[in-house]
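Just below is one structure, and these are the notes that go with it.
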Amino acid sequence: VQFDMQRGDLPVAWQQFLESGENSMSSGKKDELNRNMTLRVRALESLLLEKGLIETPAIDELVDMFENRLGPWNGAKVVARAWNDSEYKQRLLADGTAALAEMGFDTIQGEEMVIVENSPDTHNIIVCTLCSCFPWAVLGLPPVWYKSAPYRAEAARDPRGVLREFGTEISADTELRVWDSNAELRYMVLPERPPGTEGMDTEELATLVTRDSMIGVSKVAPPSAA
Ligand code: FE
């Protein structure tokens, strides 16, 4: 299976954000994103795809989310806190929706959030086999490939093969779990904390966490490789 990894149909600022490999952006770049009408159109398009209908307050909320509380950076902060705060991590795994709300990340359509934890024994990957359901509140807009037919079909059928497509090798004795998102229930992966990060504070840790690692198609690289 070949994935369309072309990002040419995304807004330039968003492409740069993705290519930069970092979640933290200058306020100038954020301003650029905030002004980007294409991003608004994509948000609306994705919402339409998911729900088949729209409501004005939901659109306003969605635009505000991507303008002001931009995308995967929310998820990165959640992951970093969980790595450094074991009590928060317990709450996050026990009741994702409540633990995200605790950090100010409310779901906008009333969907439940479930956070699944990666470990040396278990690797989790999320997909929406039906359409494009995605954990908006923490990861922002779904990437183009997440909505593609090959990913949606193959992630469920051959997750190990899909991970290879992303350059992610998972050892044969690691159990792979695929989580199929839907309108009511969304998943986010809590990736493994990489080695070499023992002394890092939550702010530093968050800069290492990528969107793809929270979808489960990649791991978080150690700081030396980042
Ligand atoms: Fe969906």
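See the values below:
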item: Residues of region 178-199 classified as away from the ligand (no atom under 16 Å from the Cβ) and either touching a residue at least 40 places away in the same chain (Cβ under 8 Å) or open to solvent by 60 Å² or more (accessible area, probe 1.4 Å) (or both), total; result: 9
item: Subset of region 114-133 that is touching a Phe, Trp or Tyr at 6+ places or on another chain (Cβ under 8 Å) and within 16 Å of the ligand (Cβ to nearest atom) - its residue that is most open to solvent (accessible area, probe 1.4 Å); result: VAL114
item: Scope region 134-177; condition open to solvent by 10 Å² or more (accessible area, probe 1.4 Å), away from the ligand (no atom under 14 Å from the Cβ) and of a type in the set (A, V, I, L, M); matching residues; result: VAL144, ILE170, ALA172, LEU176
item: Subset of region 72-100 [buried (at least 19 other Cβ atoms within 10 Å of the Cβ) and of a type in the set (Gly, Ala, Ser)]; result: GLY75, ALA76, ALA80, ALA82, GLY96, ALA99
item: Residue check, MET103 among the aliphatic types (A, V, I, L, M), closer than 29 Å to SER171 by Cβ and either open to solvent by 30 Å² or more (accessible area, probe 1.4 Å) or in contact with a Ser or Thr (Cβ under 6 Å, 6 or more places away or on another chain) (or both); result: no
item: Matching residues, region 194-219, being under 12 Å from the mean Cα position of the chain (by Cα), assigned to a helix (DSSP H, G or I) and among the β-branched types (Val, Ile, Thr); result: ILE215
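The values are calculated or read from the model by the stated rules, or taken from the named source; none is laboratory data. Computed from a predicted model, the values in this text were never measured in an experiment. Heads up, the Cβs are rebuilt from the backbone with ideal geometry, glycines too, and the neighbour counts pull from every protein chain shown. Accessible surface areas use protein heavy atoms only, side chains included; no ligands, DNA or RNA. Shrake-Rupley method; radii C 1.70, N 1.55, O 1.52, S 1.80 Å.
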